[in-house]
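Student: Have a look at this one before I ask anything.
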Amino acid sequence: MIKVDFNKPVTVGNEFEYMQQAIANAQISGDGAFTKKCHALLQEQLGVKKVLLTTSCTHALEMSAILLGIQPGDEVIIPDFTFVSTVNAFVLRGAKPVFVDVRPDTLNLDESKLEAAITPRTKAIVPVHYAGVGCEMDVIMDIATRHKIQVVEDNAHGLFGKYKGKYLGTFGALATQSFHETKNFSCGEGGALLINDANLAERAEIIREKGTNRSRFFRGQVDKYTWVDIGSSYLPSDMLAAYLYGQFEQREKIQSHRKHVWEMYNSALKDWAQKNGVKLPTIPEYTEQAYHMFYMLMPDLEIRQKFIMFLRERGMYSVFHYLPLHLSDMGREFGGREGDCPVTEKISDQLVRLPFHNALTNNDLEQVIDAIMEFKF
C-alpha cells in the first residue's frame with residue numbers, strides 16, 4: 001500500500017476553470033488566449049525578450065539546435081549527468097556530444113573542466129541547472145564569450161531560481177523549460193523556449209510553426225503565409241496552456257510549499273546524514289534554488305539500493321536519477337569510456353531522491369523522515 005508517492009500532480013487554483021474557458025473560446029489549438037497569457041507572464045517575470053510555449057522541454061531543446069545551426073561534425077558540450085533529451089536534441093542535428101564531468105557539490109557542469117573540452121568544432125555549451133541550483137554562470141559565460149560559443153541553458157529544473165540575483169534561463173542566448181508532471185509547474189507534458197537573443201526570435205516562431213511564417217501573417221505583417229524554413233509542430237494545445245496558467249498564477253503558493261518541504265527534510269536529516277556519511281544537497285549562498293527536488297548521496301550503490309527498497313516496503317517511494325551518459329550504449333558510440341567522468345560515475349550510484357511534490361503534508365514528511373531514521377546501514 002502506497003503511503004507517500006514520489007510524485008503526485010495536483011491542481012492548486014483555477015486550472016479546470018481556465019480549461020473550460022479555453023473550450024468556450026473555440027480555440028484549443030496552439031497559440032490561443034492562454035498561451036499568450038503564459039508567454040506574457042514569463043516574459044514580464046523573467047525579463048526575457050521572447051517566450052514560446054512548446055510541447056516539451058525536449059522540443060524546446062530541438063528548436064535550440066536548429067536555431068544555432070547545428071550541423072554534422074559540430075561539437076556540443078554537455079554535462080554527463082543529465083537527461084537524454086539534453087544530448088538527443090543536438091545529436092539529431094548530427095552533432096558530436098562532448099561530455100564534461102560535474103562538480104561533486106552542486107552536481108552541475110564543472111566549469112573548471114569546460115575550457116579544456118573546447119575545440120575549433122565546438123558550437124554550443126549546454127549547462128544544466130541540476131535540481132534548480134544555478135551553475136557557475138559567470139565563469140561559463142566568460143569562457144563562452146571569449147571563444148565565441150553560444151550557450152543554451154537547460155533549465156528544466158530551475159524556473160524562478162536565481163544565480164547572483166539573476167533568473168536562471170536568462171544568461172544564454174536560449175534556455176529551455178519543462179512543464180512535465182514531475183516539475184514544479186506542470187500541464188502534464190509541456191515546455192518553453194526562452195529567447196534572450198532577439199535576433200533569434202522571428203526564426204524561432206517559424207520553426208515552431210512547421211517552418212511557416214504563420215505568426216507574421218496573423219500579425220498582419222504579410223498578406224499570406226507560406227513555407228519559408230525547416231520546422232515542425234511544436235505548439236501545445238491552448239487547453240494545456242490554460243492548465244499551466246492556473247499553476248503560474250499560484251506560483252508563490254507552489255514555491256512556498258516546496259521550500260517548506262525542502263527545508264523540513266534538510267533540517268530533520270542534517271544530523272542523521274552527518275552521522276551516517278550521507279551527503280545532503282549543497283546550495284551556494286549566492287544562488288536562490290527553485291526547490292525542485294531533495295536528494296541524498298548515500299555511501300555507495302549497495303546502501304542506496306537497500307535504502308530505496310527499505311522505504312518501498314513501508315509504502316514510500318524514492319528513486320535514483322540519471323546514469324552516466326558517456327557509459328550508455330549511445331554514449332559509448334561517441335567514445336565514452338569508464339573513468340572519463342569519475343564524479344558522475346560515483347554520484348549516479350549514490351543519489352536517491354525523496355518524495356517531493358505539492359501535495360505532501362507535514363504528516364507525510366514526518367512519516368518519511370521517521371522511516372529514514374529507522375534505516376540501518
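Student: Say the dipole of the stretch 87-225 comes from +1 at the beta carbon of Lys and Arg and -1 at that of Asp and Glu; which of Asn184, Val102, Thr145 then lies farthest toward its positive end?
Tutor: Thr145
Student: Below 12 Å, Cα to Cα, which aspartates and glutamates can Lys123 reach? Residues fewer than 8 away in the same chain don't count.
Tutor: Lys123 reaches Asp74, Glu75.
Student: Arranged from highest to lowest average of other beta-carbon atoms within 10 Å per residue, in what order do the peptides 66-74, 332-340, 147-155 appear?
Tutor: Numbers: 66-74: 16.3, 332-340: 12.7, 147-155: 22.4.
By packing density, highest mean first, the sequence is 147-155, 66-74, 332-340.
Student: Let me ask something else about it. Please turn the phi angles of the stretch 85-96 into ³J(HN,Hα) values with the Karplus equation 6.51 cos²θ - 1.76 cosθ + 1.60 (θ = phi - 60°), one per residue in order, whole Hz, x for glycine and proline.
Tutor: These are the phi-based 3J(HN,Hα) values: 4, 4, 8, 4, 4, 8, 5, 4, 8, x, 6, 9 Hz.
Student: With an 8 Å cut-off on Cα pairs and a minimum separation of 6 or more residues, tell me the relative contact order of the chain in percent.
Tutor: 23
Student: Using a Förster radius of 25 Å, what is the FRET efficiency between Arg314 and Glu181 based on their Cβ-Cβ separation? Nearest 0.05, please.
Tutor: With R0 = 25 Å, the Cβ-Cβ based efficiency is 0.55.
Student: Identify, among Pro79, Ala204, Phe171, the residue whose Cα sits farthest towards the positive end of the charge dipole of the chain, taking +1 on the Cβ of Lys and Arg and -1 on the Cβ of Asp and Glu, with the dipole about the Cα centre.
Tutor: Ala204
Student: May I have the extent of the alpha carbons of the stretch 229-377 along their three principal axes, as whole Å values ordered from largest to smallest?
Tutor: 57, 46, 36
Student: Another one. What ³J(HN,Hα) values, in whole Hz, does the Karplus curve 6.51 cos²θ - 1.76 cosθ + 1.60 give for the stretch 34-49 when θ = phi - 60°, with x put for Gly and Pro?
Tutor: Per-residue couplings from phi come out as 6, 4, 5, 5, 5, 4, 5, 4, 5, 4, 6, 5, 8, x, 8, 5 Hz.
Student: To continue, here is another question. What list do you get for Thr86, Thr58, Thr226 if you sort them by fewest beta carbons within 10 Å?
Tutor: In increasing order of surrounding Cβ atoms, one gets Thr226, Thr58, Thr86.
Student: With a 10 Å Cβ neighbour count serving as the proxy for reagent exposure, in which order, fewest first, do Lys50, Lys253 appear?
Tutor: With the fewest neighbours first, Lys50, Lys253 line up as Lys253, Lys50.
Student: Now for a separate question. Say R0 is 56 Å: what FRET efficiency, to the nearest 0.05, do Glu17 and Gln71 get from their beta-carbon distance?
Tutor: The value I calculate is 0.75.
Student: To continue, here is another question. Which ordering of Thr54, Thr282 is given by a fewest-first count of other beta-carbon atoms within 10 Å?
Tutor: Taking fewest neighbouring Cβ atoms as first place, the list is Thr282, Thr54.
Student: Under a crude label model (7 Å from the Cα following the beta-carbon direction), how far is Glu202 from Glu302 in nanometres?
Tutor: According to this spin-label approximation, the distance is 6.4 nm.
Student: Work through the residues other than Ile283 whose Cβ is under 15 Å from its Cβ and net out their charges, Lys, Arg +1 and Asp, Glu -1.
Tutor: So the environment of Ile283 carries a net charge of +2.
Student: Sticking with this structure for a sec: Per-residue HN-Hα couplings for the stretch 165-170, Karplus 6.51 cos²θ - 1.76 cosθ + 1.60 at θ = phi - 60°, whole Hz, x for Gly and Pro?
Tutor: Working through the residues one at a time gives x, 10, 4, 4, x, 10 Hz.
Student: Here's a follow-up. Please build a GNM for the chain, connecting alpha carbons under 10 Å apart, and tell me which residue among Phe34, Phe81, Phe320 fluctuates the most.
Tutor: Phe320
Student: Taking H placed 1.01 Å from N in the peptide plane, check which residues at least 5 places from Thr212 or on another chain put their amide H under 5 Å from its amide H.
Tutor: Close amide H contacts, sequence-distant or interchain: Val228.
Student: Remind me, relative contact order of the stretch 251-374 in percent, using alpha carbon pairs under 8 angstrom and six or more residues apart?
Tutor: 32
Student: Can you list the residues, at least 5 places off or on another chain, whose amide H is less than 5 Å from the amide H of Thr122, using H built in the peptide plane?
Tutor: HN-HN under 5 Å from Thr122: Glu75.
Student: Could you give the nm distance between label points at Gln274 and Ser232, where each point is 7 Å from its Cα heading toward the beta carbon?
Tutor: 4.9
Student: Let me ask something else about it. Can you compute the charge dipole magnitude of the stretch 15-249 about its Cα centre, using +1 on each Lys and Arg Cβ and -1 on each Asp and Glu Cβ, nothing else charged? Give it in debye, rounded to the nearest 20.
Tutor: Details: 23 positive and 28 negative charges, 134 e Å.
Computed charge dipole of the stretch 15-249: roughly 640 debye.
Student: Please compute the modelled spin-label separation between Asp105 and Arg337, points set 7 Å along Cα→Cβ, answer in nm with one decimal.
Tutor: 3.1
Student: Give Lys3/Lys164; Lys50/Lys183; Lys8/Lys162; Lys164/Lys306 a once-over and call out the pairs whose C-alpha atoms are over 27 Å from each other. Please report the intermediate quantities before stating the final value.
Tutor: Details: Lys3/Lys164 39 Å; Lys50/Lys183 22 Å; Lys8/Lys162 25 Å; Lys164/Lys306 38 Å.
From the list (Lys3/Lys164; Lys50/Lys183; Lys8/Lys162; Lys164/Lys306), the Cα-Cα distance tops 27 Å for Lys3/Lys164; Lys164/Lys306.
Student: How big is the antiparallel share of DSSP beta bridges in the chain, given as a percent to the nearest 5?
Tutor: Around 60 percent of the beta bridges assigned by DSSP in the chain are antiparallel ones.
Student: Let me ask another. Divide by every residue of the chain the summed helix terms, -39500 (n - 2.57) for each DSSP H run of at least 4, and state the resulting mean residue ellipticity at 222 nm, rounded to the nearest 500 deg cm²/dmol.
Tutor: -11500 deg cm²/dmol
Student: Still on this model: For Thr11, which sequence-distant residues (separation of 5 or more, or a different chain) have an amide H within less than 5 Å of its own amide H, given hydrogens modelled in the peptide plane?
Tutor: none
Student: Could you state the orientation-averaged shadow area of the convex hull built on the Cα atoms of the stretch 16-89, in nm² to one decimal?
Tutor: 7.1
Student: Hull surface divided by four, with the convex hull built on the Cα atoms of the chain: how many nm²?
Tutor: Average projection, Cα convex hull of the chain: 19.2 nm².
Student: Which aspartates and glutamates, if any, have their Cα less than 18 Å from the Cα of Lys253, not counting same-chain residues under 8 positions apart?
Tutor: Those aspartates and glutamates meeting the cut-off are Glu15, Glu181, Glu263, Glu288.
Every number in this text was worked out from the coordinates using simple rules, so none of it is lab data. Here the structure is a predicted model, which is why all the values come from computation and not from measurement. For neighbour counting, all protein chains shown are included, and Cβ atoms are generated from backbone atoms with ideal geometry for every residue, glycine included.
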